[in-house]
1. Can you classify segment A:296-516 as rounded, prolate or oblate using the Cα gyration tensor, where a ≥ b ≥ c are the square roots of its eigenvalues, rounded means a/c under 1.5, and otherwise it's prolate if a/b beats b/c and oblate if not?
2. Starting from the 7 Å offset along Cα-to-Cβ, what nm value, one decimal, do you get for the label separation of A:Glu225 and C:Trp172?
3. Using protein chains only and a probe of 1.4 angstrom, how many square angstrom of B:Leu34 are accessible, to the nearest 10?
4. For the full complex of protein chains and a 1.4 angstrom probe, list A:Thr367, B:Thr257 by accessible area with the highest value first.
5. Count the net charge of all other residues whose Cβ sits under 12 Å from the Cβ of A:Asn114, scoring Lys and Arg as +1 and Asp and Glu as -1.
6. For B:Ile122, put the label point 7 Å out on the Cα→Cβ axis and report which residues of segment B:147-183 keep their amide N under 20 Å from it.
7. On the full set of protein chains, 1.4 Å probe, figure out the accessible area of A:Leu145 and give it in Å² to the nearest 10.
8. Could you work out, residue by residue across B:232-245, how many beta carbons of other chains sit within 10 Å of that residue's beta carbon, and then give the average as an integer?
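The values are calculated or read from the model by the stated rules, or taken from the named source; none is laboratory data. Keep in mind the model is a prediction, meaning the values are calculated, not measured. As a convention, Cβ positions derive from the backbone with ideal geometry for all residues, glycine included, and neighbour counts pool all protein chains shown. Only protein heavy atoms, including side chains, enter the accessible area calculation; ligands, DNA and RNA are left aside. Shrake-Rupley method; radii C 1.70, N 1.55, O 1.52, S 1.80 Å.
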Amino acid sequence: MTLTRKLMASTATALILTAGTAYAQSETATHPETGEALAATQAFTYRVLDESPSIDPGLVEDVDGSEIVRDLFEGLMNQDALGQLVPGVATGYEVSDDNLVYTFTLRDDARWSNGDPVTAADFEYAWKRAADPATASPYQWYMELMSLENGSDVVSGDTDPSELGVTAVDDTTLEVRLSEPLPYFPQMVTHATTFPVHQATIEEFGDDWTRPENMVSNGAYVLTEWVSQERLVRSRNDQYWDNDNTIIDTVTRLVIPDENVALTRYLAGELDMTDVPAGQFPRLSEEYPDQAVSVPEACSYYFMFNLRDDAPEAFQNADVRQALSLAINRDVIVENVLAGGQEPAYTFTHWATAGFETPDIPMAGMTQDERNAMAQELLGNAGYGPDGEPLTVNLVYNTSEAHAAVAVAVSQMWKQTLGVETSLSNQEWQTFLEARSNGDFEVARGGWCADYNEASTFLDLMQSGSGYNDSKFVNEEVDELLSEAKTAENPQANYDRVEEIIAEETPIIPIYHYASVFMLNDDLKGWPYENFEQNWYSRELYVTADE
Amino acid sequence: MYPNKATVEVLEQAGHMAEVRGRSLWADARSRFLKNKAAVASMIVLLLVALFALFGQVFAQWERDFIDFSLIGSNARQGVPSFETGHYFGTDASGRDLYARTVQGTQISLMVGLVGAMVAVIVGTLYGATAGYIGGRTDNLMMRTVDILMSIPFMFVLILMLVIFGRSIFMLFLGIGLISWLDMARIARGQTLTIKNKEFVEVAYATGVHPAKIILRHIVPNLLGIVIVYATLLVPSMIIFESFISFLGLGVQEPNTSLGALISEGAANVNNQVPWQLGFPLVFFVIIIFAFFFVGDGLRDALDPKDR
Amino acid sequence: MFAFIARRLAVAVPTLLILVILSFILMYTAPGGPFNSERPLPPEVLANINAKYGLDQPFWKQIATYVWGVTTQFDFGPSFQFTNRSVNDIIAQGFPVTLTYGAYSFLVAVLVGVSLGVAAAIKQNTWLDYLAVGITVGAQVLPNFVLGPILIIIFTLWLGWLPGGGWNGGQWEYVVLPVIALSTSYMASIARITRSSMLETLNTNFIRTARAKGLSTGRVIWKHALKPTMLPVLSYLGPAFVGMITGSVVVDIIFSTGGIGRFFVNSAFNRDYSVIMGITILVGALTIFFNLLVDVLYAWIDPKIRY
């Protein structure tokens, strides 16, 4: 029997329930869909670099924390293995004709881990709580980004949180009012910040409500153990509405700061998943072809020039910037330095972004020798380089071995091709961010990850008004093209032009498009490799028995 | 009670005698040191290491920051130490010549050790001698300050400083200097207390020599023996200290390197089939530290024969 | 003796105060606040957060509030980074871990170190002596960040005997490797100090006399030689203690034990002011206390010392 678990309409639920129960009772368990034999112990252990600041849905801010929150809580909508929207607590939604009012219908069998029903009021409370300045959530801005009615005023404290554009009409109906149409709004409710929280628990325990003994959650798992900086264990939630289709019983997250130690422990069988240290992928994929995985990840790696008026004169010259861009041999960086299936980047937008077709950038079609020749010519004409004024570059990056490796390689390329001397300085994350936003740099490393799967999540950074445009690149045409793209039927032409301008003006040097590179136990199945944002849910995973 | 003017001339003689005796003391010490085979051998090893640090680059076939792009990422297979490729010690993960990097690492590590020891010698000795010579309240105050500073977890403060003010070799030297002089100050003070009642000091005092001059001319030279011994033993602990800072990624920054940074990188890759990345720097590290230990022990035995 | 202890404790108070003020000033002057992130927070959000943690107050008021809280209520405030946790909470979790493996390491270092040193001294110039000297010389200089990964490869990957990290509530198999990694170099130092100190003691007149009187070697060592031998070892314990606290940072990183060392480094990198200061003060207080303990012990063993 094959059941498409993507189709979670309430009629299908009953069927799945029966199938699930049958599976749970049988001795030699097999997977309900694929029929694979399942291992007796269904546990998943994975490694993260660092402790997450918070696992409170309203406060969570990092990728690792969101992974935990997606297991412990469930929002209105979920993503499937391909990143497509599938029902979560909501079975579906309706949109008003002006695209401003979304009405979500909630399933009536959703339960909190203490048995209380999950109602629309829980969502209303959670959203208002996240937006409330008193909560001081680092992801408060997300509520603003969702364009909720009165969102900005609530966030800034000018309006009471009760005025936020979200209302529980009844237990199973949630009405959301937007201040402007947002085509990707439904995608945004798969994000952890929008997940419900249990009001009574929070009011009873205050900040301590996320402790294992206190937490009440509505996801497929409940928190059973949490030792900060060491381990976090979550186990099956019996109250979860789709519990019968959950296969993994316990999920353990270990904090292992040293990636090489983590790899050793993975090889010793202590972990089911860990990151591959930079440069180790070729060796590991040769030795463990079934376990070393590289899939595209929705981030772009780039260097940015400081284009402020007080920045060094040399970088005000587009030819100099382009020369530096041309001289970087991206193939060496992705194939040798990182060697983890990353792709060389000549555009800012990640090549795998949905609906985006990488435009033809002249540089992309050249060989590296041609690029080097052109770079030398451009730099020479600009009056710098071996025959002109000597050029020195200060390159700032935030502390990380991988960033250091890229920076060291690039500085050598500039030296070997253009005779440009580079001084490298690495800074602690917080210092680095401050230096960058204050314009206290010449060239700085940048990395940007998509908030949603559409090209504007990258290109909006090039808008002169963007808060993340640390280059302070100002180009009226770009601004116009991007604002036009918001309402355009097919914005691809606009995106092409913006990418061309980026290539010509070179405010930033795109270097590579990320890939997520990790080791995954080959008995562990169900991993959503194709999910561009790498949003995985433990309840979709399962461990097959060894043959 | 200080001597009256009548005895001064006699004691001045005693002072000279002390100096003469002092000279022969040094000669004695030298001959005792030369008899200590381990110490002499270590001294020679240290000289060789110093030569390696200073002139090793001459024999390198590659610049220390030159990246062989064809070697990046395939370090385990193609970066193997070999005379043919000119990478005597192999290459590191970025395809750089490990020999040239070890030369620089040795330079930096030795420098860290020597600077730390030097700060300790200069600041610590003067501070300790001053406190010990002046005595009384001043002494009490100065040594209490040292006590207070000693119970500050300096490694933690140093980590903070490096994180806050950015990593630079200057900051590292400053941090190491801040820590290293405290013990020296205590030792110097203790020694000063025994010296200051010697006749030649009392004579100098009686003849109205300025205290600063007494400290510099009479006390400090007589502290030298113990100071040298302690400084020699301080160098390896500074080098170890630096390696710890490098492990945290707070030490010398790319493209420069130190033995600590090389070892820490090698240790991280210890299971990645690149044993030379840990092996060569570690050998130099261990050799340097041992040599300093043995030389320090030898010096102590030579200068302070009552111990054996 | 009591006057001595009282005097030392009187010094401890200003020391801690200096420590608090020093680290507060360091953190205050630091570029980059605790709430910078890649996506700059809108000013109003940042203002909300700063207000919540009192960072909008003037410098003197922040430091006064902090010192007041610490001294009157042992309250180190909330963590800036771990949103739902207080510093006390973090220390309460991390410190017992550090204390556990730290205490074991200390015991192992002292017991093994002293036994090895005594054995080597008694059997001077035999194979046992050479072996002990050889082992200790090697162990002394091997940095623990080299030893740690090697231990994991041997005992976890190759032999599969012990877990390669984690704490898991302090079950014994999780404690073994961290203790080996942390104690080895101090064990080696203690062994060397004990050996040379014991050799010296054995050469003194009163021991020779005792031996000449026909007392058994074991009795001589145990009754007479051990006490004077321990003096140099004792004075090494202070620095060893400080060294182990520092070493716990490495152990926490390599073995992911989740002790305060890890929290310290982590909060330093993330500018979690309150956690950094809480841990610095804790470590400072411990150091002071431990040094006092060593001094008292020293005075107790060596009656010549008068305070």
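1. Here segment A:296-516 falls in the rounded category.
2. 1.9 nm
3. Only protein atoms counted, so the area is about 110 Å².
4. The residues order as A:Thr367, B:Thr257, largest area first.
5. Its environment carries a net charge of -2.
6. Only B:168-183 pass the distance filter.
7. Roughly 70 Å² of A:Leu145 is accessible to a 1.4 Å probe.
8. Taking all residues of B:232-245 together, the mean is 2.
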